[in-house]
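Worksheet: the structure to be examined is printed underneath.
The values are calculated or read from the model by the stated rules, or taken from the named source; none is laboratory data. Keep in mind the model is a prediction, meaning the values are calculated, not measured. Counting neighbours? That spans all protein chains shown, and the Cβs are built from the backbone with ideal geometry, glycine included. Note: areas computed on protein heavy atoms with side chains; ligands, DNA, RNA excluded. Shrake-Rupley method; radii C 1.70, N 1.55, O 1.52, S 1.80 Å.
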Amino acid sequence: RQLTMPPPPQKVAVCGGTVSGVTLARLLATCHTIDLYRHMFDPARSIHKPHPLCEYAPATFVIPDSTSKAVREEINRWIDLNLITPSKSDKFRISRYTSESGLFGRINDDDLGCSPSPSPPSSSPTSSSPSSSSSSSSSSSSRYYPKRGLFSVIEKLISSLKKDRHVTVRDEQLCKSEKREDGWYVTDCDSKIHGPYDYLIYSFDYLPRAARKASIKQMLEAGLPESQRIIGSAAGSVAASAMTVVATFHPPINDHDSIRICGIPELAVAARGNTGDEKQRGLKTLRGNSTWTLIATPEWSMKIKESTAKGKGGRG
């Protein structure tokens, strides 16, 4: 989106050391003075302890060919910085598992859904043949591989920001915001107040390490009534959560990198973890095991949440 701001110079606080937050801080720094706050307080966890889910990052990521010019320019910048490299489709093995047949079949990035009557191409779980529904050689997306993981990409981008005299990278953990006559102020977990700022910008990405939804919700609620319009606009956005579990397997399952699961209400996707990420995620695994993140469907997750709430005397 286009971000319209008054003429410079403005003092801006970007809250969240996410991909979008770091990129926005760099772009705004060409005209404004930026404070980038990497962390916001999370009521459910400590940022100082590894978390199996919040420290999860995919081994690769996909960018649609129809994406905006600005996104493509940023991706090319990451390539020039030697942070990522294009990933060949045959190097990342995506499979579809169909419960009706109990068979696996290779698929590509443009065929990730579950058709009403899936037809697996082969009974071999290691088959690399594309399915009949994905036999087209045309592609509408490109897959990229972060050379040292996606979190490493963010750390490198933040390190480069520290060289910009218009950007201050701050490690204080924010927990509150408020509007005063002279601008916006933020309060960290040590009760230290920072400001004033002309603008507060919150960044929320799918990587939950730096800014989870609960963190931003808390900051916005603390800024009421001035933040009520933002809360109102965010209420209409689509944000579905799903229950997730991390499991290890021995012998390891290494024939797939990601599995789209069809016909099992409790499961939607299974993703194999990156080798060496276990310690960062706070996981204890035996050498030679494979670690997988199993993600349920949002529909099944919602039913479980509702039944749990009713069981505790809450309302479904």
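Can you name the helices (runs of 4 or more DSSP H) wholly within the range 148-261 that have at least 1 residues being β-branched (Val, Ile, Thr) and within 30 Å of ASN274 (Cα to Cα)?
150-161, 213-222
Might you let me know whether the range 206-219 holds any residue that is more than 28 Å from ALA296 (Cα to Cα) and in contact with a strand residue (DSSP E or B) (Cβ under 8 Å, 6 or more places away or on another chain)?
Scanning the range 206-219 turns up at least one residue that is more than 28 Å from ALA296 (Cα to Cα) and in contact with a strand residue (DSSP E or B) (Cβ under 8 Å, 6 or more places away or on another chain).
Looking at the range 78-101 only, could you name the residues that are over 21 Å from the mean Cα position of the chain (by Cα), at pLDDT 80 or above and not polar (S, T, N, Q)?
Of everything in the range 78-101, those that are over 21 Å from the mean Cα position of the chain (by Cα), at pLDDT 80 or above and not polar (S, T, N, Q) turn out to be ASP80, LEU81, ARG96, TYR97, GLU100.
Just need a number here: residues in the range 94-108 that are in contact (Cβ under 8 Å) with a residue 24 or more places away in the chain and surrounded by fewer than 19 Cβ atoms within 10 Å (Cβ to Cβ). Spell out the reasoning first.
Kept after step one, since they are in contact (Cβ under 8 Å) with a residue 24 or more places away in the chain, are these residues of the range 94-108: 94-100, 104-108.
If we keep only those that are surrounded by fewer than 19 Cβ atoms within 10 Å (Cβ to Cβ) too, we end up with 99-100.
The total comes to 2.
Which one is farthest from the chain's Cα centre (by Cα), of the residues in the range 170-211 that are basic (Lys, Arg) and at pLDDT 90 or above?
Result: ARG180.
Show the residue pairs that are 6+ apart or on different chains and have beta-carbon atoms under 6 Å apart, the first residue being within the range 151-171 and more than 11 Å from ALA25 (Cβ to Cβ) and open to solvent by less than 10 Å² (accessible area, probe 1.4 Å), the second being assigned to a loop (DSSP other than H, G, I, E, B) and not aromatic (Phe, Trp, Tyr).
Qualifying pairs under 6 Å: VAL153/LEU83.
State the number of residues belonging to the range 1-17 that are more than 24 Å from ASP182 (Cα to Cα) and at pLDDT 90 or above.
From the range 1-17, those more than 24 Å from ASP182 (Cα to Cα) are 1-2, 17; that's our starting set.
Among the residues that remain, those that are also at pLDDT 90 or above are: 17.
Number satisfying all stated conditions: 1.
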